[in-house]
Structures are given as C-alpha cells and as structure tokens.
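K.L.:
Dropping the structure in here first, questions after.
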Amino acid sequence: MSKHRINRISEEVKRVVSDIIRNDLNDPRISTMCSVVSAEVTPDLRYAKVYVSVLGNNEEKQSTMKGLSSAAGFIRRELGKNIELRYSPEVIFELDNSIEHGAYINKLIKEVNEKDGGESL
C-alpha cells in the first residue's frame, strides 16, 4: 500500500477519533482539555495508534487514558461506521507530552530573556 494513502487514512482517523471524543463520549474520566495530536495507521490497516495530549496534572492524564482505553471498542465501532475500510482498525491510545514540553521550553526562553534584560543578540 502506498505511503501517501496510509498518510491520508491516518489523517482521516485522527479527524474522526477527535470528533468522537469531543461529541460522542460522555465518560466523566475523560478531561475536556483532551486533544488528538496525531494518528498512525499500520500498513495492513489493523491498528491505529492515536497520540493524545491532556492538559492537566498527572491524575487527570491517567484517568483520561483509562477512560479512553475503556471506550476503545466504542471508538473502533464508530470509526468503522465513519470510514469505509476493509478492516476497522484497533485503536491504541498513547499519551503525548509534546504540547506541554513546548510550553515549558517557551517559559524557559522567556525567563532567560527577562534575566538578560530583554537584550537581543
């Protein structure tokens, strides 16, 4: 299967899973500050690894991941209804900390600039 088709399917999976999490899940464990960062579908279309970012403390992150894991069957069924593929991929959720890491780096840069008196190189 071509790499281009896999990328298109991955983007569509990302869009649909994000929509399902935002509109169809009513689990109180899932944080409202949860966003789908990316999705990777295997070449055989059997598995979809979905990277999720959760803004909050570790307890909120863990409860959100537990809620998403327990809703994986429902999400897989809805994904199969919305995307016409031969196989409905099994959804595997992974926690992605890249947004928080970027915010932390940005904070460090601001602190260094303030410490230097706002001088630019």
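The values are calculated or read from the model by the stated rules, or taken from the named source; none is laboratory data. Predicted model, so just to flag it, every value in this text is computed and none were measured. Note: ideal-geometry Cβ built from the backbone for every residue, glycine included; neighbour counts use all protein chains shown.
K.L.:
Is region 72-93 home to any residue that is closer than 19 Å to residue 30 by Cα and part of a loop (DSSP other than H, G, I, E, B)? Can you show your working first?
P.N.:
Pass one, region 72-93, residues closer than 19 Å to residue 30 by Cα: 72-79, 91-93.
So of that shortlist, the ones also part of a loop (DSSP other than H, G, I, E, B) come out as none.
No, because not a single residue in region 72-93 is closer than 19 Å to residue 30 by Cα and part of a loop (DSSP other than H, G, I, E, B).
K.L.:
Assess whether residue 15 counts as being surrounded by fewer than 18 Cβ atoms within 10 Å (Cβ to Cβ), farther than 14 Å from residue 85 by Cα and either within 16 Å of the chain's Cα centre (by Cα) or not hydrophobic (A, V, I, L, M, F, W, C) (or both).
P.N.:
For residue 15, the condition - surrounded by fewer than 18 Cβ atoms within 10 Å (Cβ to Cβ), farther than 14 Å from residue 85 by Cα and either within 16 Å of the chain's Cα centre (by Cα) or not hydrophobic (A, V, I, L, M, F, W, C) (or both) - is met.
K.L.:
Here's something else I'd like to know. Yes or no: residue 86 over 16 Å from residue 22 (Cα atoms), exposed (fewer than 14 other Cβ atoms within 10 Å of the Cβ), among the basic types (Lys, Arg) and at pLDDT below 90?
P.N.:
When the stated conditions are applied, residue 86 passes them.
K.L.:
OK, next. Of everything in region 89-104, what is at pLDDT below 90 and not small (Gly, Ala, Ser)? Give them in sequence order. Give the derivation first.
P.N.:
We begin by selecting, within region 89-104, every residue at pLDDT below 90; these are 96-104.
Result: 96, 97, 99, 100, 101, 104.
K.L.:
Another question, then. If I ask for residues that are loosely packed, with under 11 Cβ neighbours inside 10 Å and either part of a helix (DSSP H, G or I) or at pLDDT 90 or above (or both), which ones from region 105-121 would you list?
P.N.:
105, 106, 107, 108, 109, 110, 111, 112, 114, 115 - these are the residues of region 105-121 that are loosely packed, with under 11 Cβ neighbours inside 10 Å and either part of a helix (DSSP H, G or I) or at pLDDT 90 or above (or both).
K.L.:
Let me ask you something else. Inspect region 60-71 for any residue being exposed (fewer than 15 other Cβ atoms within 10 Å of the Cβ), touching a residue at least 12 places away in the same chain (Cβ under 8 Å) and not basic (Lys, Arg) and give the result as yes or no.
P.N.:
yes
K.L.:
Given the criterion surrounded by 12 or more Cβ atoms within 10 Å (Cβ to Cβ) and over 21 Å from residue 4 (Cα atoms), identify the matching residue among 38, 31.
P.N.:
Details: 38 fails: over 21 Å from residue 4 (Cα atoms).
After applying the criteria, what remains is 31.
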